[in-house]
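Written out below as structure tokens is the structure these notes cover.
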Amino acid sequence: MSDQAISALREQIATLGESLFDRGLTMGSSGNISVRLADGGWLMTPTNACLGRLDPARISRLDECGQLIDGDKPTKEHFLHTAMYQERPQSGAIVHLHSTHSVAVSCLPGIDHCDCIPPLTAYYVMRVGRLPLVPYHVPGDPALGDAVRGLAGRHSAVLLANHGPVVAGKSLEAAVYATEELEETAKLFLMLQGKNPRTLTPEQVAELEARFPRD
Ligand SMILES: [Zn+2]
């Protein structure tokens with residue numbers, strides 16, 4: 001992969017990170033973004049970095065074994081990303097945020113742990129699909145990676161209980177769009193609590209999945 005192509009990806013991570021931060025989808029130094037490189041390695045946002053102020057040159061570059069070869073040390077949550085990539089060879093990028101509404105849904109009693117948010121809109125079905133809940137683990141616990149790995153083959157997005165979503169996409173742009181769609185749908189779901197909303201029917205969901213397959 002050319003240095004020029006890698007530099008362009010570094011710039012894209014910083015631009016989209018700033019956009020997510022500026023719109024309040026992530027705060028402080030929480031949240032992390034990664035992109036798979038054609039040579040088998042990854043770019044990953046560094047540990048303790050604010051997504052709103054990333055220096056493209058300091059974004060971590062890892063080789064195919066996960067060893068740091070350039071930039072700052074990667075996020076402490078790197079294992080969430082590698083667990084997801086291992087099960088999803090078709091995914092080119094992953095976004096993990098502690099976005100408020102998605103985290104709120106992950107704390108609700110009585111949600112379906114196999115599918116945390118009902119199919120409220122077509123775009124949610126097209127970009128996110130079924131969203132399983134991963135049981136709570138202490139941040140950094142490798143068992144959390146194992147739990148994500150167990151679901152990632154069948155799901156492009158998972159919701160970590162009392163923590164936040166991990167969302168994969170074919171490209172970085174696709175992963176960011178899916179994360180945004182998830183956060184907005186989580187907001188709708190919270191607005192509709194107690195209102196018995198009309199959701200899409202199983203037939204409507206099946207039609208969307210047939211017409212617009214996710215990666
Ligand atoms: Zn996290």
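The values are calculated or read from the model by the stated rules, or taken from the named source; none is laboratory data. Given the structure is predicted, the values throughout are model-derived calculations rather than measurements. In this analysis, Cβ positions are derived from the backbone assuming ideal geometry, glycine residues included, and neighbour counts consider all displayed protein chains. We work out accessible area using only protein heavy atoms, side chains counted, and drop any ligands, DNA or RNA first. Shrake-Rupley method; radii C 1.70, N 1.55, O 1.52, S 1.80 Å.
Worth a mention:
- Where strands (runs of 3 or more DSSP E) fall entirely within segment 12-90, those with at least 2 residues that are crowded, with 21+ Cβ neighbours inside 10 Å and within 15 Å of the ligand (Cβ to nearest atom) are at 32-36.
- Test: residue in segment 104-121 that is open to solvent by 30 Å² or more (accessible area, probe 1.4 Å) and within 16 Å of the ligand (Cβ to nearest atom): yes
- Leading residue by the ranking (nearest to L37 (Cα to Cα)) among those in segment 10-26 that are of a type in the set (S, T, N, Q) and touching a helix residue (DSSP H, G or I) at 6+ places or on another chain (Cβ under 7 Å): Q12
- Residue pairs whose Cβ atoms lie under 8 Å apart, sitting 6 or more positions apart in sequence or on different chains, and linking a residue in segment 1-26 that is over 19 Å from T75 (Cα atoms) to a partner that is open to solvent by less than 90 Å² (accessible area, probe 1.4 Å) and hydroxyl-bearing (S, T, Y), are G24/T100.
- Checking each residue in segment 157-176 for being out of contact with any helix residue (DSSP H, G or I) (no Cβ under 6 Å at 6 or more places or on another chain) and open to solvent by 10 Å² or more (accessible area, probe 1.4 Å) picks out H163, K170, S171, E173, A174.
- Scanning segment 114-130 for residues that are closer than 11 Å to A186 by Cα and in contact with a strand residue (DSSP E or B) (Cβ under 8 Å, 6 or more places away or on another chain) yields one hit, C116.
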